Structures are given as C-alpha cells and as structure tokens.
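A short write-up of the structure that comes next.
The values are calculated or read from the model by the stated rules, or taken from the named source; none is laboratory data. Keep in mind that what you see is a predicted model, and the values were worked out from it rather than measured. Here the Cβ positions follow ideal geometry from the backbone for every residue, glycine too, while neighbour counts run over all protein chains shown. Note: areas computed on protein heavy atoms with side chains; ligands, DNA, RNA excluded. Shrake-Rupley method; radii C 1.70, N 1.55, O 1.52, S 1.80 Å.
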Amino acid sequence: MPDNAAVTAAAASATPTDFIRDIVATHVAEGRYPQIVTRFPPEPNGYLHLGHARAICLSFGVAREQGGRCHLRFDDTNPAKEDSHYVEAITRDIRWLISGWADAQLTFKPRGAQPETRTGDDGRSDRLVPHCPADSPDAEPYAASDYFEALYDYAVELIRRGKAYVCDLSPEDTERYRGTPTQPGQNSPWRERSVAENLDLFARMRAGEFPDGARTLRAKIDMASPNLWLRDPLLYRIRHIAHHRTGDQWCIYPLYDYAHCLSDYLEGITHSFCSLEFVVHRPLYDWVLDSLELPRPRPHQYEFAKLIPSYTIMSKRNLLRLVQERAVEGWDDPRMPTLAGLRRRGVPAQALRRFVIGTGITTHDGGLTDIALFEHTLRDELNKSALRRLAVLRPLKLVLTNLAEGEAIPCAATNDPQSSEPTTRIVNLTREVFIERDDFAEVPPPKFHRLKPGGEVRLKYACIIQLDEIVKDAAGNLVELRATAQLDTRAGQPNSNKKVKGTIHWVSASESIEAQVRLYDRLFTVPEPAAEDDFLKVLNPHSLEIVNGARLEPSLAAARPGEPVQFERLGYFVLDAQADANALASTREGEATLASASSPSAQNAAEKLKAQVTTRPVPLIFNRTITLRDNR
C-alpha cells in the first residue's frame, strides 16, 4: 500500500477542502450569487479519461456541496474533429461517474432551446439560456453550437466598439507577426480597418464568400503584451466544413477562448474551473466579457493542476492513435484509461470518485500520481462490494474416489465476508471437480503447501482431501488426480477442526460452466510513456492474456455487467459488457425475425431461428479488474 494511501482514503470520505472550495464558500457567505452554477465543458472529439474525472468530480462536487447546478456543455466549435458518437459516449460516461452521488446537480436545457433575450432590471437587453434537470422530458445537454447566432452577434458588437477587426494575414504570417515570448509582435497591416469595412467583411465571411484561411476575425488588444494570448488573438476562422449539429448552416466558427467565456455567461455560470494551462488564457476570458460590458455579474475562471497517473497517457490525441493503430480494441478497451474502458474493466464509479477526490485540488503541478494509489483504492472498494465466487482458470481434473457417481454434497459458501451479516449459497461437491493446475506439484518446491503426492489440502468450503494417485497418458502427460475426500472434516462434522497448511479452490466438473477469462494488466511498461520518443514502443506485451476453457461455478451464469465478483484466490472480475451486449443482440435478432415473419412457412423458419439463437451457448467472457494484491 502506498505511504499516502491512508491519507487519500480519509480525504475522500470527508467533505473535501481545497483553495477552490474556500473561494466558493466565501462567495456563498457573501451572498454574491443566488445559486452556485458550475459546468463541465468537454469537446466531443474523443472519450473521457481518468484526467477528466478530476474536473468532473470538482465541478459536480462543488455544485453538490452548495446545492447548486452543474451544466454539461459540449464545446463543439471545431467541426473537423467532432462527432455525435462522442457526444453520446461522454454523456453516458458522466452519468455513470456521478450516479448515486451528484445526479441531482446534472443540468441540461430544453431540447432546441436557444439563448433567450430578456430585459434586465437596468433596462438593458440581455440573453440567458434556460435550464432544466437532466432527467426532464425532452431535455438535452448544452452545446456551444446552439449559441452560434448569439456569439456572432457579440462579435459584431466587438467590431462596432472598435475591439475586433477582420485580418487578411495567412495562418503562417499570423503566427510570424505574433512574435515570441521575448520579442513583441507586429501589428497586422489590416488592424486599422474602419468599423464599417470590418462589419461588411465579417458579414461576407459568414455568407461564405471567402475560402478557408483567407480571412479571420481577431481581437484588437495589444501586440506588445507579454502574454502571447493577448496579442490580437483569433476569434473566428473560416472553415467550410459541415457541423455534426448545425450542418452547413455555418462556414465560420468561433475559437475556443472566445466561445468558452461567452458560453459561460449565456448559461449563468458562476465558477468556471479549468486546468493550469489556462492560467495564461484567463486575461483573454476576462477581456472579452469586460469589453462587451455585459449587464449580469460575469463568471470567473479558476485553475487547478491536472491529474496524470503513472503508466498511462492522458492525451486524447495519443489515445486516438492507440485506437487507430489497433494497439487496443477501441476507446472502451479495458486497458485504456478512458472512463468507458475503466467501466468495462469493472472499476466501480465509487472507487474512481474516491481516488480522484482523495488526490486533492491544488495549483502545484506535481507531475505523476502513482497508479498504485488508484489500484489500492480499487482493491479496497472491491473487497467491500464484490461477491465471492469460485472459478478455476486452468482446470485440472480431480476425482474424489470415495464419492459415488451422481452424488452431490451441498457445501455452504460465503457470499460477502465483509458484511456485518454475511450470507451464503450452496455449491455442490461432486465426484469429479476441477482445481487449478498450478495448485498441484508432482515435485513440489520448498514451502509448497498445496496439493502434492501423499499430501493433504482443504477444498475451500468443503473438506480436506488426500492425494492418492497421479494419472498420466502414454506420453507422460498429466491427465487427472485421484484423491480421498475426508468427509468428516466438513463444517459441522466431528473432525471439522482438523488443521492443514493449504486451502485451494475448486468447482464441480459436472455443474460448472465454461468461460473465457481475460487477464488485463497495465498497458505500458514505464511510468511515463508520454515522455518516450514513441510511446507505442513501451506497450506492455503482457497487458492482455486470454484464458479459454476456464470453469466457473454455475451461479455465475446469471452474472451481469457492472456487478463485480471476486474469484477467490484469483482477483476481482466482471462480466464483459460488450460480450453481453452481443449475446443480447443475437437474441433480439431472433425475436425481430419472428415478429417480421408473415407467411406460415416464414413463421416456422423464424421460430427455428429464434430457438437456435436463444439457446445457442454464448461464451461467457469475464474481465479481470485487478489482482487481489500487487505482486510487482
């Protein structure tokens, strides 16, 4: 267990405290805002990952603690990289992470709602986007693309105020004129265009008269500013690309820094949380809002350090490369640090929140967070929540010679030993059982306390057995073991207190079910793969081992995705959600064919297909979430 794991667990169990929460608490005490409103604004250009979990838990956590709201808004201002698939995946991941914790804070808007124009107490016109609980009928997440008209109008107002201009510099010349951190920039030759000319050109940009890159709209701030982000930054650029929500309606798109602050304002956000790289962007955030002299109290931006666990990469660009180059199966591959991958691997949302909240919120860029801390938190949570089950990954047949064919001896097995009132289930001891192949050694090493020639071990929940015979084939390969079951050592029997040094797990050969088990491990072999020349060269070749022919106790036939189990002595596992979805799809395929059949012959054929589909043995696939202990 890492040295700071106990501190992290204690921090996560209490109401968090940090500098951001202190600021918010001060504002609440002052009555500065009628309600605390935060937001989480992902770009729909990839899946959320572990690093995003810190921002989610901060934004939703602050809103939860203060009885406020947290808006889910998609900052969809770059149509070249965005897709509705990512919108759906991100929404699903957020709902999963906050489920049972901050559901009440998740806030959407009425479907199709745009910023509404209203008149303030001072008689000035203003705009505000309506809100509603996320579970309201016909609600949808917020999206910057719903504000394109309002953002355009604000840009026109900046031009009218002499604070923005249309620039004809090429992208290369724009960058060259910008200067360097030690040298001031140069004014654009088009910086002093008249307001009338700028308004005309901007309207023509919107109308689609100019090709990509021909013109931009820039803020008119200070080309000599020591902050490069204030050297007349771009506000709009021409992109003749269809948007996944607005189609071909627009050919000019606002840049993030411009859309971000105004989207916050339009939604009534009070506290806008960003990672540390946005510290230098904050003056621009404030400049846009101040230059427009907006009537309502404006939002403020606060920055915090990113979460970067070791043995992972957090860049969506690098994660996309893993997917595109087929180093993993997809964004939800259980080895990926994405929320979808972690969920499919069997990580409970509670464990992830506990880890993230326990690491704290600071402005100190402390580098990597030891992934072992996450793994400890995960084991601790699963130890409390996972039901115990018996499974044998690499089966070796063991024949209990003193049991009759067809005999089944019921044994009470514990489901939840961590519960204050543990429950049990029945597992049947039969004449033939399976044990783990490595729980037997014909020539045992020193201190080997499992099954060996002439040795005794206890079959967990059942009885002590003594090995009598080793059966091999003509080639000398091990076929099976034969042993005597000491039935009087079962629970409640006269010799139940007999002591042996070893206890092993088992499953009934006749009653167990077959499964594929996927043993997942860390995806990379080095703590900081992003620092390598090519992170693909440090992929862990043992990050996935597929075990076919595993045998599980029969109760696991009813397992469901998202319900963790502990395979005793082996680790924590979960039914693979993707495999379960494929099985369900096969069943529905048969049902759909049956429903669409019209003629009697087609009906009979459909009935046969449905019977085949619904009775077809779909292989169970279990994913290992994590080992019982860290053996590194």
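Answer yes if at least one residue in the range 453-465 is under 19 Å from ALA509 (Cβ atoms), over 45 Å from the mean Cα position of the chain (by Cα) and not aromatic (Phe, Trp, Tyr), and no otherwise. Yes, the range 453-465 has at least one match. Going by what's in this entry, would VAL517 be described as among the hydrophobic types (A, V, I, L, M, F, W, C), closer than 30 Å to VAL323 by Cβ, modelled with pLDDT of 95 or more and under 42 Å from the mean Cα position of the chain (by Cα)? So VAL517 passes the test. Checking each residue in the range 514-564 for being open to solvent by 60 Å² or more (accessible area, probe 1.4 Å) and polar (S, T, N, Q) picks out THR525, ASN548. Restricted to the range 291-350, and to residues there that are open to solvent by 40 Å² or more (accessible area, probe 1.4 Å), without any contact (Cβ under 8 Å) to a residue 24 or more places away in the chain and outside any helix (DSSP H, G or I), the residue that is farthest from SER385 (Cα to Cα) is GLU293. Within the range 121-149, being open to solvent by less than 30 Å² (accessible area, probe 1.4 Å) and either touching a Gly at 6+ places or on another chain (Cβ under 6 Å) or over 24 Å from GLN249 (Cβ atoms) (or both) holds for ASP126, CYS132, ALA134. Pairing each residue of the range 107-132 that is on the phi > 0 side of the Ramachandran plot and outside the structural domain of ASP264 (by the TED database) with any residue that is part of a loop (DSSP other than H, G, I, E, B) and open to solvent by 90 Å² or more (accessible area, probe 1.4 Å), provided the two are 6+ apart or on different chains, yields no C-beta distance under 8 Å.
Here's the yes/no breakdown for (1) within 18 Å of PHE74 (Cα to Cα); (2) in contact with a helix residue (DSSP H, G or I) (Cβ under 8 Å, 6 or more places away or on another chain); (3) among the basic types (Lys, Arg):
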| site | (1), (2), (3) |
| --- | --- |
| ARG215 | no, yes, yes |
| LYS220 | no, no, yes |
| LEU234 | no, yes, no |
| HIS240 | no, no, no |
| HIS244 | yes, yes, no |
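Among the residues making up the range 96-110, those that are open to solvent by 10 Å² or more (accessible area, probe 1.4 Å), closer than 17 Å to ALA55 by Cβ and part of a helix (DSSP H, G or I) are TRP96, GLN105. Of all the listed residues (ASP200, ASP153, ASP168, ASP173), the sole one being open to solvent by 20 Å² or more (accessible area, probe 1.4 Å), within 27 Å of HIS244 (Cα to Cα) and not assigned by the TED database to the domain that holds TYR265 is ASP153.
For the range 65-95, residues that are surrounded by fewer than 22 Cβ atoms within 10 Å (Cβ to Cβ) and of a type in the set (Lys, Arg) total 3.
LEU284 fulfils the conditions (1) open to solvent by less than 10 Å² (accessible area, probe 1.4 Å); (2) under 20 Å from CYS57 (Cα atoms); (3) in contact with a Cys (Cβ under 9 Å, 6 or more places away or on another chain) except for a single criterion, (2). Listed by position, the strands (runs of 3 or more DSSP E) contained in the range 115-172 that have at least 1 residues being over 18 Å from THR216 (Cβ atoms) are 116-119, 125-128. With respect to the conditions (1) more than 30 Å from LEU396 (Cα to Cα); (2) open to solvent by 70 Å² or more (accessible area, probe 1.4 Å); (3) modelled with pLDDT under 60; (4) not acidic (Asp, Glu), ARG616 lacks only one, and its number is (1). Checking each residue in the range 251-272 for being open to solvent by 10 Å² or more (accessible area, probe 1.4 Å), over 15 Å from LEU234 (Cβ atoms) and of a type in the set (A, V, I, L, M, F, W, C) picks out only CYS251. Scanning the range 118-151 for residues that are modelled with pLDDT under 95, basic (Lys, Arg) and in contact with a strand residue (DSSP E or B) (Cβ under 6 Å, 6 or more places away or on another chain) yields a single hit, ARG118. Does the range 91-107 contain at least one residue that is at pLDDT below 95 and over 24 Å from PHE278 (Cα atoms)? There is no residue in the range 91-107 that is at pLDDT below 95 and over 24 Å from PHE278 (Cα atoms).
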